[in-house]
């Protein structure tokens, strides 16, 4: 693209938590023009009426979703719709020639039978093989030419960036991998749900989806692609905070494993991965509102098990920020464009 040319972007589902986070990032992106935003609940109203924080930054009227025209005049189409609703809009967007970025789960699993097991029948199974699972640090070359980019789930992003470099370095031993993750409440979306009421989550921590969370097959798929067939025990928890994910990962090691070398080789030149080092551990407040992942680890006595801790913002590196990072990669822009926020602490 020409150095001054802007990428025209359409967004479906712009008023949920993931959609509004996407618009927050895109509105300040120097090479993006937002041409269309849909919202079934608020169609016909200005975005700034629903979210006053956009006043003067993005003055756009929300539209009703029309799958056949939503990507018209757009170079890039983002779907921030729930799984099941996204795939049909992606199919129509592809007909316009737009590159599709899906923030739902509809194109994350490559196997239609595996998708059916977790979500039901896929409306466009013939397109699953065309989708690239978009963690740029792990699949940058494939993203550059993709028609469909499946933006990964929040939990798998934190888990796979902690695990895949170790798998590729050949230091993961035989045995169970345990991923213990804790997320802020925004990961469940903006819809009203009894179990997300203030009185239900404040001063409380609970596990959910134990052994059956839909992000488990994403983690397993990513590990298999890297050459690891280990069983994974994944347990998510909800914290009484708005945003952020902290994942504590227990990894069996081979003799002589050098985690520092593995992470250094994988992430030395990565703008959004901050390797804190051995014995230093991240906190969610230090990545909140950013596209960064922070990572630290320790090796337990005996050298056969590592404890790796990663922290991300579930809506940013775990969702919309990673979507924008994928956009930058796909269109040949500086990968940091629109994503240079520093966490607001406290």
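Quick notes
- Within a Gaussian network of the chain (alpha carbon springs, distance under 10 Å), most fluctuating of 50, 177, 201: 50
- The range 154-314 - Debye-derived log10 I(q)/I(0), Cα point model, q = 0.08 Å⁻¹: -0.23
- For the pair residue 255 and residue 242, the difference between a 0.36 nm per residue extended length and the Cα-Cα distance amounts to 0.7 nm.
- When shorter helices are ignored and each DSSP H run of at least 4 residues is given -39500 (n - 2.57), the per-residue value for the chain at 222 nm works out to -7500 deg cm²/dmol.
- Computed from the Kirkwood radius of its Cα pairs, the Stokes-Einstein diffusion coefficient for the chain at 25 °C and 0.890 mPa s stands at 120 µm²/s.
- The GNM of the chain, with springs linking C-alpha atoms under 10 angstrom apart, assigns the highest mean-square fluctuation among 325, 274, 202 to 202.
- By the count of neighbouring beta-carbon atoms within 10 Å, fewest first, 166, 246 end up ordered 246, 166.
- Share, in percent, of DSSP beta bridges within the chain that are antiparallel, nearest 5: 40
- Distance (nanometres) between label positions extended 7 Å along Cα→Cβ at residue 66 and residue 129: 3.5
- The fewest-to-most ranking of 180, 121 by surrounding Cβ atoms within 10 Å reads 121, 180.
- Remark: the residue 59-residue 208 segment gains 49.8 nm on full extension, using 0.36 nm per residue and subtracting the alpha carbon distance.
- Contour excess over end-to-end distance, with Cα ends at residue 174 and residue 298 and 0.36 nm allotted per residue: 42.8 nm
- Spatial offset of the range 146-219 relative to the range 11-81 amounts to 26 Å, using the alpha carbon center of each.
- Over the range 240-312, the hull volume per residue, using the convex hull of the C-alpha atoms, is 83 Å³.
- Rounded FRET efficiency, nearest 0.05, which uses the C-beta distance separating residue 5 from residue 43 and R0 of 22 Å: 0.15
- Which of 126, 218 has the fewest Cβ neighbours within 10 Å, and the rest in rising order: 126, 218
- Taking the chain as a Gaussian network of alpha-carbon nodes connected by springs under 10 Å, the highest mean-square fluctuation of the residues 79, 53, 186 belongs to 53.
- Using only Cα coordinates, the Kirkwood hydrodynamic radius of the range 105-170 works out to 12.8 Å.
- Considering the range 70-214, its Cα convex hull presents a mean projected area of 11.0 nm².
- Within the range 1-120, the proportion of Cα pairs with more than 18 Å between them is 51 percent.
Taken together, the values in this text are just the output of simple stated rules run on the coordinates, not laboratory data. Just so it is clear, the structure is predicted and the values come from calculations on it, not from any experiment. Reconstructed Cβ throughout: ideal geometry from the backbone, glycine too, with neighbour counts over all protein chains shown.
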